[in-house]
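Report on the following structure.
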Amino acid sequence: MLGDIRDRLRGVEVLKGIYDVVTRRISEIVNPEVVSVFLYNETTRLIENVAELRGSTLVETPHEVYRLGQSLTGSVFESDETIQLPKPGDANRVKPLEDSRYDRANQEGYLSNIPSGNLEHYLGVPIRMGGKVRGVLRAMNKKSQYYKETSARHDRLCLLERGFSADCRNVMEITASHLAIAI
């Protein structure tokens, strides 16, 4: 992945190319239903979605923003800590929608952007540059081998029950480091 990112540094639309590499490689390795890159905009003081891969489709202009501390993604940014729900090995298996940091007021808008219409698994990792958090790399819903985009909204088997593993978290954290260097 780092080699692909390095190659994209030579192109015309550098950031778009880097985001494409990152989202597609995470999709191949971690197998999420949605993978997104958020960056902090110092002018608006919002965390803005700058790239998103939903299923196999790259979203040209994703529109999703958070204030610091708002919802899970804003909480990752504000706390500078990875949030993974449900946590591997957690007997209670707390789902993202059950977490107190989840933004229930905007639930309908967020869920409509997910191909399955569900939020069963969440993995958000801070993107750090120069010792400061500059954004969030987010993955939602670990797909099963039965996942098909055409039937995701109606197929209960399309998502794994257990969610993301510790290996998925490691891949996301390493990728966030590579992304920070490239940006």
When averaged across all projection directions, what area in nm² does the alpha-carbon convex hull of the chain cover?
10.4 nm²
How much area per residue is accessible in the chain when the probe is 1.4 Å and only protein heavy atoms are counted (Å²)?
51 Å²
Helix-only [θ] at 222 nm, the chain, -39500 (n - 2.57) per DSSP H run of 4+, per residue, nearest 500, equals -9500 deg cm²/dmol
In the chain, carbon and sulfur make up what percent of the accessible area (probe 1.4 Å)?
48 percent
Under 10 Å from the Cβ of Val76, count the other residues' Cβ atoms, weight Lys and Arg +1, Asp and Glu -1, and hand me the total.
-1
Can you work out the Karplus-derived ³J(HN,Hα) for every residue in the range 154-159? Use 6.51 cos²θ - 1.76 cosθ + 1.60 with θ = phi - 60°, whole Hz, and x for glycine or proline.
10, 10, 5, 8, 6, 10
Rounded if a/c is under 1.5, else prolate if a/b beats b/c, else oblate: with a ≥ b ≥ c from the C-alpha gyration tensor eigenvalues square-rooted, which is the range 67-116?
oblate
For the range 58-150, what does the relative contact order come out to in percent, with C-alpha contacts under 8 Å and a separation of six or more?
26 percent
Taking a label point 7 Å from the Cα of Arg153 along the Cα→Cβ vector, which residues of the range 110-142 have an amide N closer than 15 Å to it?
110-119
GNM result for the chain, Cα springs below 10 Å: residue of Ile29, Ile18, Ile114 fluctuating most strongly
Ile29
Which of these, Gly69, Gly109, Gly17, has the largest mean-square fluctuation under a Gaussian network model of the chain (Cα springs below 10 Å)?
Gly109
Any helix of the chain counts here only if DSSP assigns it H throughout, its Cα atoms span 18 Å or more along the axis, and its mean Kyte-Doolittle hydropathy is at least -1.0, and such helices are 14-30, 166-182
Two decimals is fine: what's Rg over Rh for the range 100-163, C-alpha atoms, Kirkwood radius as Rh?
1.06
What's the magnitude of the charge dipole for the range 36-183 around its Cα centre, counting Lys and Arg as +1 and Asp and Glu as -1 at the beta-carbon? Answer in Debye, nearest 20.
200 debye
For the range 20-112, the charge dipole (Cβ of Lys, Arg +1; Cβ of Asp, Glu -1; about the Cα centre) points to a positive end, and the Cα of Gly109, Gly89, Val37 closest to that extreme belongs to Gly89
So how much slack lies between Val14 and Tyr146, counting 0.36 nm per residue of separation and subtracting their Cα-Cα distance, in nm?
44.0 nm
Within straight-line cross-link reach of Lys143, aspartates and glutamates at Cα separation under 13 Å, skipping those fewer than 8 residues along the same chain
Glu28, Glu33, Glu120, Asp155, Glu161
Listed residues Val21, Val125, Val35; largest mean-square fluctuation, Gaussian network over the chain with Cα springs below 10 Å, found at Val21
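The values are calculated or read from the model by the stated rules, or taken from the named source; none is laboratory data. The structure displayed is predicted, hence computed values, not measured ones. Every residue, glycine among them, receives a Cβ derived from its backbone with ideal geometry; neighbour counts consider all protein chains shown. The area values use the complete protein model at the heavy-atom level, side chains included, leaving out ligands, DNA and RNA. Shrake-Rupley method; radii C 1.70, N 1.55, O 1.52, S 1.80 Å.
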